[in-house]
Amino acid sequence: MKILAIETSCDETAAAIVKDGRRVISNVIASQIDLHAKTGGVVPEVAAREHVLKMLPVLDECLELAKCSWSDIDALAVTKGPGLVSSLIIGTETASVISYVKSLPLIPVQHISGHIYSNWLDHEEDIEFPLLVLTVSGGHNELILMRGHHDFEVLGETRDDAAGEAFDKVARLLGLGYPGGPIISKTANSGDASAFKLPRIMLEKDSLDFSFSGLKTAVLSEVMKFNTNEAGQGELSEKVKADLAASFQDAVVEVLVAKLRRAADKHDVREVHLAGGVSANLRLRELAEREFEGMKLRYPKSILYCTDNAAMIGSSAYFLAQKKDFPVQNVIPSTSFFINS
Ligand code: KG4
Ligand code: ZN
């Protein structure tokens, strides 16, 4: 079954064709990073306008790379949320119209379930349930127990910032640019992770929730110690930036891995998965590999599958379609179709 999927929940206009939920035939991502770097973050209205410009060229390229025409496609999938409403609507409207014109079933997909299914992409061997997933992105941070396909139990979630959001905000504090995750990670390579004593916020004994806002404040108070002029602005040396980046990165990933361990001790699982933008972080992967040595640990096969992409939406849609019946659409669905599905 070939599914053409569309993802526009934030600042990536993406389309992909995925066969049987696992094999990626084409995967096109038009990133808006350069646009949003100018403002140090995503401005929703700007992102939505860019989606309008990129959506059709991205779809054309996706079909062309796959050497497919519309008649080769069995179903459509689209991200229904969560995300920026003005961005989501470009994807859902596009998918609705194509579904109507081409008489193709349309499968609405929850974005985080997409991240979870990024671990199925290009993996040949069977994935065994029950399994534990840590989803870590800019907008979400959850620990999920999965007993079967689309059977999710949220064991813990962030009480304030998500890990990726903390990376982005700290990068801004250090004057490193946007998006923060990859830049902090690169800067941290030349830093000393023990240079600054930053808190590991574990919350109550037994809690599987996360909290990163206190850590962000701790970094801010370290940065303020270096402020020299009366306007409260000062230059951080490259060495201080690298040491702070490395210390911060370790404080985040050590907590993520410790919580995963706590969850794995409570639940008898066969596999442990990392998913979402922060799963691209090499230090997180390294610590998780060490912690779960001898156990099946997975993270997305390609860095492109860690951050937002449409292939993961196509995979999630395929496994959802195995469980539910999705009729051919003969009307353009209203917004309530996506909210209630
Ligand atoms: O999954 P994603 O593309 O978007 C959301 O659904 O939120 O994740 C984006 C987040 C950003 O906060 C970005 O800074 C972070 O993932 N990220 C990283 C790395 N690459 C991306 N964080 C840490 N290390 C990385 N290498
Ligand atoms: Zn995402």
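Here, each number is a calculation from the coordinates, and none is a lab measurement. All figures in this text were calculated on a predicted structure; none of them were measured in a lab. Every residue, glycine among them, receives a Cβ derived from its backbone with ideal geometry; neighbour counts consider all protein chains shown.
Some values worked out for this structure:
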read-out: Length released on extending from A37 to R285, taking residue separation times 0.36 nm less the Cα-Cα span; value: 86.6 nm
read-out: Contour minus Cα-Cα distance for F129 and D206 (0.36 nm per residue); value: 25.4 nm
read-out: Of every Cα-Cα pair in the stretch 1-150, the percent that sits beyond 27 Å; value: 24 percent
read-out: 13 Å beta-carbon shell around L88, net charge (K/R +1, D/E -1); value: -4
read-out: Cα gyration tensor category, rounded, prolate or oblate, for the stretch 173-231 with a/c compared to 1.5; value: prolate
read-out: Inter-label distance, nm, simple model (7 Å from Cα along the C-beta direction), D265/H150; value: 3.5 nm
read-out: Value of D in µm² per second that Stokes-Einstein yields for the stretch 92-233, Kirkwood Rh from Cα pairs, at 4 °C (1.567 mPa s); value: 70 µm²/s
read-out: Centroid-to-centroid separation of the stretch 42-67 and the stretch 170-188 [C-alpha atoms, Å]; value: 27 Å
read-out: Expected-Rg normalisation [2.2 N^0.38 Å, Cα atoms] applied to the chain; value: 1.02
read-out: Rg(Cα) / (2.2 N^0.38 Å) computed for the stretch 35-82, rounded to two decimals; value: 1.51
read-out: Per-residue HN-Hα couplings for the stretch 151-157 [Karplus 6.51, -1.76, 1.60; θ = phi - 60°; Hz; x = Gly/Pro]; value: 10, 10, 10, 7, 8, x, 8
read-out: Förster-model FRET efficiency, 56 Å R0, K197 and E64, C-beta, rounded to 0.05; value: 0.55
read-out: Exposed-loop-free span, longest in the chain, where GluC sites (Glu not before Pro) count as exposed if DSSP calls them loop and at most 13 other C-beta atoms lie within 10 Å; value: 1-123
read-out: Axial C-alpha extent at least 20 Å, average Kyte-Doolittle at least 0.5 - helices from the chain (DSSP); value: 85-102
read-out: Length-normalised contact order for the chain - Cα pairs under 8 Å, 6+ apart - percent; value: 24 percent
read-out: Trypsin sites (Lys or Arg not before Pro) within the stretch 258-294, DSSP loop, no more than 16 other Cβ atoms inside 10 Å; value: R270
read-out: Computed [θ] at 222 nm, helices only, for the chain once each DSSP H run of length n ≥ 4 contributes -39500 (n - 2.57); value: -13000 deg cm²/dmol
